[in-house]
Amino acid sequence: MNDQWFVSNDGQQLGPYTGEQLVGFAQQGNILPDTLVWTEGMAEWAAASQIPGLFPAASPVAAAAPVQAATAPASAAWNPNANRGLSAAAVAPKTLYAAVAPVGGDYPFFKVNPSSFGLWLGTFIGGLVLIIIAMISMAAAGAAAMAIAASGGTEAETVAAGAGGVGLGLLLFFLALGINLFSAILFYIYLYRAWFCLQPGGAQTSPGKAVGFLFIPLFNIYWIFVAINGLPKDWNRVVSSYPNLAGAPKLNETAFLLVCIGMFFPPLALVMIFPMMSQMCKAINFFASRRDPNASTSAFARPSFGGLR
């Protein structure tokens, strides 16, 4: 069963949460039977009472808050102006996360894909090298054409001498742009994963916002200090708050800050982005290598939702 669940609350879409977290919310009364929830594969938002295993018939939650309707109405798609029933103590995302992962307790297990610093480094350096080779090729072609023209060569000879080098240079240049674009995409993917790892600890932003707001012109000048400079602050706070994260690597706040400042001084960013990316990949890989403490020894080791798959 899909482990990426979202909850609608007072005009906000909260999540993603795992199935086990959703069950925990229901048991604590933070999710009521008429609270709207959604996961991939559902045509529209539905009342929590529609989810099998979320409100067992004998559970205290079901007895205290009976289901208002057997089925969600056709108009029950997420309404940003409607409060669908989270308790007042659980309106803020941080409160919701604290209910599942109290400070000093166990940080919940979830799946996250590993991140390869070597792959990012190879594409980043490879793109820069190809750009340098392209510039050298075009400069050499221009010099050869000028030498032929100075020696009395014909126009056709001059053009032929420069065309090959310029053509090769342009080909390498566009290839370098493609490789650098892939490197940039990897950066955004890794940044998303890093923020995703912090969500149960009450992160200051969601992974979607962290990445998405970086594409807003002018606003991204401010947001880069939230999404990048804010990451090590939240990361170090979270991993220091849970005993089962004691082995997680800490992030160097200075390295992340200098990359942000390097937005205005590119040579600084070019130097500091290497230690920043290395640390971020190591941090993500710590979570990617974690084992589910509740996993069975069978082939089906993924956490189940409400005892059902």
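The values are calculated or read from the model by the stated rules, or taken from the named source; none is laboratory data. Since the model is a prediction, treat every value here as computed from it, not as a measurement. Virtual Cβ from ideal backbone geometry, glycine too; neighbours counted across all protein chains shown. All accessible areas refer to the heavy atoms of the entire protein, side chains included, with ligands and DNA or RNA removed. Shrake-Rupley method; radii C 1.70, N 1.55, O 1.52, S 1.80 Å.
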Check: Which members of region 230-250 meet the condition of being over 11 Å from A283 (Cβ atoms) and touching a residue at least 24 places away in the same chain (Cβ under 8 Å)?
Finding: G230, D234, R237, S241, Y242, P243, N244, G247
Check: Pick from region 141-153 the residues that are surrounded by fewer than 16 Cβ atoms within 10 Å (Cβ to Cβ) and modelled with pLDDT of 75 or more: which of them is farthest from G126 (Cα to Cα)?
Finding: G152
Notebook entry, point to check: Among the residues of region 283-305, is any at pLDDT 95 or above, part of a helix (DSSP H, G or I) and either among the basic types (K, R) or surrounded by fewer than 19 Cβ atoms within 10 Å (Cβ to Cβ) (or both)?
Noted result: yes
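Looking only at region 14-44, count how many residues are outside any loop (DSSP other than H, G, I, E, B), closer than 21 Å to D106 by Cα and open to solvent by less than 50 Å² (accessible area, probe 1.4 Å).
Counting residues in region 14-44 that are outside any loop (DSSP other than H, G, I, E, B), closer than 21 Å to D106 by Cα and open to solvent by less than 50 Å² (accessible area, probe 1.4 Å) gives 10.
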Margin query: Based on this model, can you work out whether A203 counts as out of contact with any strand residue (DSSP E or B) (no Cβ under 7 Å at 6 or more places or on another chain), modelled with pLDDT under 95 and under 17 Å from A283 (Cα atoms)?
Written below: yes
Next item on the list: For A160, state whether it is of a type outside the set (S, T, Y), within 27 Å of G127 (Cβ to Cβ) and at pLDDT below 95.
Entry: no
Notebook entry, point to check: Which residues, taken from region 167-198, are farther than 25 Å from Q4 by Cβ, open to solvent by 60 Å² or more (accessible area, probe 1.4 Å) and not aromatic (F, W, Y)?
Noted result: L168, L170, L171, L175, L177, L181
Check: Taking region 199-227, which residues are open to solvent by less than 10 Å² (accessible area, probe 1.4 Å) and under 22 Å from W120 (Cα atoms)?
Finding: P207, A210, A227
Check: Limited to region 219-254, what total is found for residues that are touching a helix residue (DSSP H, G or I) at 6+ places or on another chain (Cβ under 6 Å), outside any helix (DSSP H, G or I) and small (G, A, S)?
Finding: 1
Notebook entry, point to check: Restricting attention to region 112-128, which residues are touching a residue at least 24 places away in the same chain (Cβ under 8 Å) and open to solvent by less than 70 Å² (accessible area, probe 1.4 Å)?
Noted result: V112, S115, S116, F117, W120, L121, T123, F124, G126, G127, L128
Next item on the list: Answer yes or no as to whether A156 is surrounded by 13 or more Cβ atoms within 10 Å (Cβ to Cβ), on the phi < 0 side of the Ramachandran plot and in a helix (DSSP H, G or I).
Entry: no
Note to self: Six or more apart or on different chains, Cβ atoms under 7 Å: show the pairs whose first residue is in region 177-188 and outside any helix (DSSP H, G or I) and whose second is open to solvent by 80 Å² or more (accessible area, probe 1.4 Å).
What the structure shows: none
